[in-house]
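*Asks:* The structure under discussion is supplied below as structure tokens; questions concerning it will follow.
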Amino acid sequence: MPQLSDIKLLNEKETRAGFGEGILEAGRRNPRVIALTADLAGSLKLGPFMKEFPERFVQCGIAEANMMGVAAGLAIGGKIPYTTTFANFSTSRVYDQIRQSIAYSGKNVKICASHAGLTLGEDGATHQVLEDIGMMKMLPGMTVIVPCDFNQTKAAAIAIADYQGPVYLRFGRPKWANFTAEDGSDFQIGKAQLLAEGRDLSIIACGHLVWLAVQAAQILAEKGISAEVINMHTIKPLDEEALLKSAAKTRCVVTAEEHQQNGGLGESVAGVLARKLPTPLEMVAVQDSFGESGTPLQLLAKYGLTKEQIVVKAEAALARK
Amino acid sequence: MEISELKRLAGQVRRDIVRMVHAAQSGHPGGSLGCADFMTALYFHIMKHQPKPFKMEGRGEDIFFLSNGHISPVFYSVLARSGYFPVSELASFRKINSRLQGHPTTHEGLPGVRIASGSLGQGMSAACGAAIAKKLDNDERLIFSLHGDGELQEGQNWEAILFAAHHRLDNLVATIDVNGQQIDGPTGLVMNVESLNAKFSAFNWLVYEMDGNVMEEVIATLEAVREAAGQGKPIVILMRTVMGKGVSFMEGTHEWHGIAPNDAQLEQALKELDLATEDY
């Protein structure tokens, strides 16, 4: 079983850069992979893909609604389109296009969304979407994936090409701890990743917050508390088996995510636990508020998405056991 | 198919439309009747397509997208009568457990439908994507799409219109049903979209105009646009139609955009429409 001490920080890299490498590899493996963008090829690190596969790159201009429909049409033609833009413009701006032309129509479109959450930073709340996981997980048939670091975002970008059906792949802008397997061998869509085994408490996290969960577990270990750390990179379909197995053992759960509490990972976890295994649960998430301008770390601190806050919530959950 | 036969068939399609909407006591007869000649020409004379087995990708086939999904009755009628599914299934239109949903969808697996439409303004984008896919596959068949004139009030269309010209999608033929009517009244009063010719020309499309209720003109125009394809520009046909065409009391008014005839009105309508083959 994996132990906390097994987790090694490799380096710091942007998850969006992992996406750029991943789509390039997916394009090499499968000639049906097409990259679309809405004037954000640079931000999504598409340069190498565009250079190697110019005929399979579709520039849509600043017109995300049309991009979603074009992707659906490409899917009808048997292609595997990846739409790329910021998470806000990948979801809330084009929700009805995704709902009708992609989800309801069952199209094999990969919606790839960078700059999600508060860690987008200085651009402020207009761009810091914190509702996207909720919106996307509500759509019937939509798979929602939130990888935790560069290596895993690369692995996910490759894996979704072989996965039939619409997918929402969410990642971020800043340089962040990179610690999962370089070859992506520890990633499987729909399968929770057990990062560290523990006895007293389960910390279930996704995205950037997974690394903070690891650090929180280290702090808790120093206090003599054994925390299990699970990277729930696939929000939907949720790996209920892994969640219930961990909760049955530790009887106490904390979730952590860079998203509104309403509609996020924590809510999905709460639903499963309430229905199948009522368990004390605390959540680290944004509390019904918009973000603002600031550095990523300042914003995470101000909105309570920190390792310290995970520890506070862990102790609160433990007290409810 | 002979023009006279196409005309008779369009009459049969119109019978299907009023009977379906009457049976469901809901649906959109006006636009469906207005587009009956065009849809009949497309499915029985112009497009190369394979009803059985239906293939989503449509390789080597001409592909059609209905963007104004509320005129599903005319779409379902031509699909059934060209062999995509049994004509008897038209009786299930808008009923529970039906593949013939109020607005077309792939969700129930109805052959011939490639994407859901109903929420307006999305079909041209999908048509653009399918047009790119055909180009990538060196497939020289065409993409046809149909849109309402009122539907062009949706901004996404103009994103797609820019996109198609920029990417030189000269295998795309979009037809606009210019009947000048929408739910709240004449299009010119609700939100004027004219001049469509000037607008599409300015967006660098090849523009054709035709009377969509004169079969000879519909056939001639559709044959002409096939010749015009492949010249670097997307093609639009501004198709003037009369909403409710073929049923005297439904003609030319937005009142019949989305309501169903009662029993007496159905009887009157069927008296005016030739029985070409047989009713479902």
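The values are calculated or read from the model by the stated rules, or taken from the named source; none is laboratory data. Because the structure is a prediction, the values reported are computed rather than measured. In this analysis, Cβ positions are derived from the backbone assuming ideal geometry, glycine residues included, and neighbour counts consider all displayed protein chains.
*Asks:* Going residue by residue through segment B:233-253, is there one that turns out to be among the aromatic types (Phe, Trp, Tyr) and either within 19 Å of the chain's Cα centre (by Cα) or in a loop (DSSP other than H, G, I, E, B) (or both)?
*Replies:* Within segment B:233-253, not a single residue is among the aromatic types (Phe, Trp, Tyr) and either within 19 Å of the chain's Cα centre (by Cα) or in a loop (DSSP other than H, G, I, E, B) (or both).
*Asks:* Could you check, for segment A:128-140, whether at least one of its residues is under 24 Å from A:Pro31 (Cα atoms), in contact (Cβ under 8 Å) with a residue 12 or more places away in the chain and crowded, with 24+ Cβ neighbours inside 10 Å?
*Replies:* Within segment A:128-140, not a single residue is under 24 Å from A:Pro31 (Cα atoms), in contact (Cβ under 8 Å) with a residue 12 or more places away in the chain and crowded, with 24+ Cβ neighbours inside 10 Å.
*Asks:* May I ask you to verify whether A:Ile98 is more than 10 Å from chain B (Cβ to nearest Cβ) and either assigned to a helix (DSSP H, G or I) or crowded, with 21+ Cβ neighbours inside 10 Å (or both)?
*Replies:* The answer is yes for A:Ile98.
*Asks:* Tell me which residues, restricted to segment A:185-209, are over 15 Å from the mean Cα position of the chain (by Cα) and of a type in the set (A, V, I, L, M).
*Replies:* A:Leu194, A:Leu195, A:Ala196, A:Leu201, A:Ile203
*Asks:* Moving to a separate point now. Within segment A:101-144, how many residues turn out to be more than 14 Å from chain B (Cβ to nearest Cβ), out of contact with any strand residue (DSSP E or B) (no Cβ under 7 Å at 6 or more places or on another chain) and part of a loop (DSSP other than H, G, I, E, B)?
*Replies:* 8
*Asks:* Just the residues that are touching a Cys at 6+ places or on another chain (Cβ under 7 Å) and aliphatic (A, V, I, L, M), please, taken from segment B:171-195.
*Replies:* Listed by number, the list holds a single entry, B:Leu172.
*Asks:* Okay, next question. Is it true that some residue in segment B:191-198 is over 20 Å from B:Met210 (Cβ atoms) and surrounded by 14 or more Cβ atoms within 10 Å (Cβ to Cβ)?
*Replies:* Scanning segment B:191-198, I find no residue that is over 20 Å from B:Met210 (Cβ atoms) and surrounded by 14 or more Cβ atoms within 10 Å (Cβ to Cβ), so the answer is no.
*Asks:* Could I ask something else about it? Of the residues A:Asn30, A:Asn88, which single one is away from chain B (no Cβ under 11 Å) and farther than 25 Å from A:Ile133 by Cα?
*Replies:* A:Asn30
*Asks:* Restricted to segment B:122-142, and to residues that are out of contact with any Ser or Thr (no Cβ under 7 Å at 6 or more places or on another chain), assigned to a loop (DSSP other than H, G, I, E, B) and facing another protein chain (nearest Cβ under 9 Å), which residue is surrounded by the fewest Cβ atoms within 10 Å (Cβ to Cβ)?
*Replies:* Among residues in segment B:122-142 that are out of contact with any Ser or Thr (no Cβ under 7 Å at 6 or more places or on another chain), assigned to a loop (DSSP other than H, G, I, E, B) and facing another protein chain (nearest Cβ under 9 Å), the one surrounded by the fewest Cβ atoms within 10 Å (Cβ to Cβ) is B:Asp137.
*Asks:* Considering only segment B:179-190, state which residues are of a type in the set (Val, Ile, Thr) and surrounded by fewer than 18 Cβ atoms within 10 Å (Cβ to Cβ).
*Replies:* B:Ile183, B:Val190
*Asks:* Any residue that is closer than 18 Å to A:Ile145 by Cβ, more than 11 Å from chain B (Cβ to nearest Cβ), in contact with a Lys or Arg (Cβ under 8 Å, 6 or more places away or on another chain) and surrounded by fewer than 24 Cβ atoms within 10 Å (Cβ to Cβ) - is there at least one of those in segment A:37-59?
*Replies:* The answer is yes; a qualifying residue exists.
*Asks:* Could you tell me whether A:Ala314 is within 22 Å of A:Ser202 (Cβ to Cβ) and touching a strand residue (DSSP E or B) at 6+ places or on another chain (Cβ under 9 Å)?
*Replies:* Yes, satisfied.
*Asks:* OK, next. Quick check on segment B:153-169. Is at least one of its residues under 25 Å from B:Gly27 (Cα atoms) and either in a strand (DSSP E or B) or without any contact (Cβ under 8 Å) to a residue 12 or more places away in the chain (or both)?
*Replies:* The answer is no; no qualifying residue exists.
*Asks:* Let me ask something else. Return yes or no: is B:Phe75 away from chain A (no Cβ under 14 Å), within 15 Å of the chain's Cα centre (by Cα) and not charged (D, E, K, R)?
*Replies:* Spelling it out, B:Phe75 is indeed away from chain A (no Cβ under 14 Å), within 15 Å of the chain's Cα centre (by Cα) and not charged (D, E, K, R).
*Asks:* Right, here's the next one. Looking at segment A:197-215, I want the residues that are under 8 Å from A:Glu228 (Cα atoms) and have a partner that is of a type in the set (Ser, Thr, Tyr) and part of a helix (DSSP H, G or I) with Cβ atoms under 8 Å, at least 6 apart or on another chain. Which pairs are those?
*Replies:* Short answer, once both residue conditions are applied: A:Gly198/A:Thr250; A:Arg199/A:Thr250; A:Asp200/A:Thr250; A:Leu201/A:Thr250; A:Ser202/A:Ser246; A:Ser202/A:Thr250.
*Asks:* Evaluate segment A:163-184: report whether one residue or more is crowded, with 20+ Cβ neighbours inside 10 Å, more than 17 Å from the chain's Cα centre (by Cα), of a type in the set (A, V, I, L, M, F, W, C) and more than 14 Å from A:Ala314 (Cα to Cα).
*Replies:* The answer is no; no qualifying residue exists.
*Asks:* Related question: For segment B:20-42, which residues satisfy the criterion of being farther than 26 Å from B:Leu136 by Cβ, within 16 Å of the chain's Cα centre (by Cα) and assigned to a helix (DSSP H, G or I)?
*Replies:* B:Pro29, B:Gly30, B:Gly31, B:Ser32, B:Leu33, B:Gly34, B:Ala36, B:Asp37, B:Phe38, B:Met39, B:Thr40, B:Ala41, listed by residue number.
*Asks:* Further, regarding this structure: Of all strands (runs of 3 or more DSSP E) completely enclosed by segment A:189-301, which ones contain at least 2 residues that are more than 20 Å from A:Tyr168 (Cβ to Cβ) and modelled with pLDDT of 95 or more?
*Replies:* Hits in segment A:189-301: A:193-196, A:201-205, A:227-231, A:253-260, A:281-286.
*Asks:* Could you list, in sequence order, the residues of segment A:79-95 that are in a loop (DSSP other than H, G, I, E, B) and either farther than 20 Å from A:Ala41 by Cβ or among the β-branched types (Val, Ile, Thr) (or both)?
*Replies:* A:Thr91
*Asks:* Here's something else I'd like to know. Within segment A:41-91, count every residue that is free of Cβ contacts under 8 Å to residues at least 24 places away in the same chain and either over 25 Å from B:Asp62 (Cβ atoms) or not assigned by TED's automatic domain parsing to the domain that holds A:Ile158 (or both).
*Replies:* Looking only at that region, the number is 7.
*Asks:* Based on what the data block shows, is A:Gly73 at pLDDT 95 or above and outside any helix (DSSP H, G or I)?
*Replies:* no
*Asks:* Can you give me the number of residues within segment A:115-149 that are of a type in the set (Gly, Ala, Ser) and farther than 16 Å from A:Gly291 by Cβ?
*Replies:* 1
*Asks:* Follow-up. Looking at (1) farther than 23 Å from B:Glu216 by Cα; (2) touching a Lys or Arg at 6+ places or on another chain (Cβ under 8 Å); (3) part of a helix (DSSP H, G or I), which is the only condition B:Gly60 fails?
*Replies:* (3)
*Asks:* What residue, of B:Ile132, B:Ile96, is touching a helix residue (DSSP H, G or I) at 6+ places or on another chain (Cβ under 9 Å), modelled with pLDDT of 95 or more and among the β-branched types (Val, Ile, Thr)?
*Replies:* B:Ile132
*Asks:* Quick check on segment B:97-121: of everything there that is more than 7 Å from every other protein chain (Cβ to nearest Cβ) and charged (D, E, K, R), which residue is surrounded by the fewest Cβ atoms within 10 Å (Cβ to Cβ)?
*Replies:* Of everything passing the filter in segment B:97-121, B:Glu108 is surrounded by the fewest Cβ atoms within 10 Å (Cβ to Cβ).
*Asks:* What single numbered condition from (1) touching a Phe, Trp or Tyr at 6+ places or on another chain (Cβ under 9 Å); (2) not in a loop (DSSP other than H, G, I, E, B) fails to hold for B:His45?
*Replies:* Answer for B:His45: the failing condition is (1).
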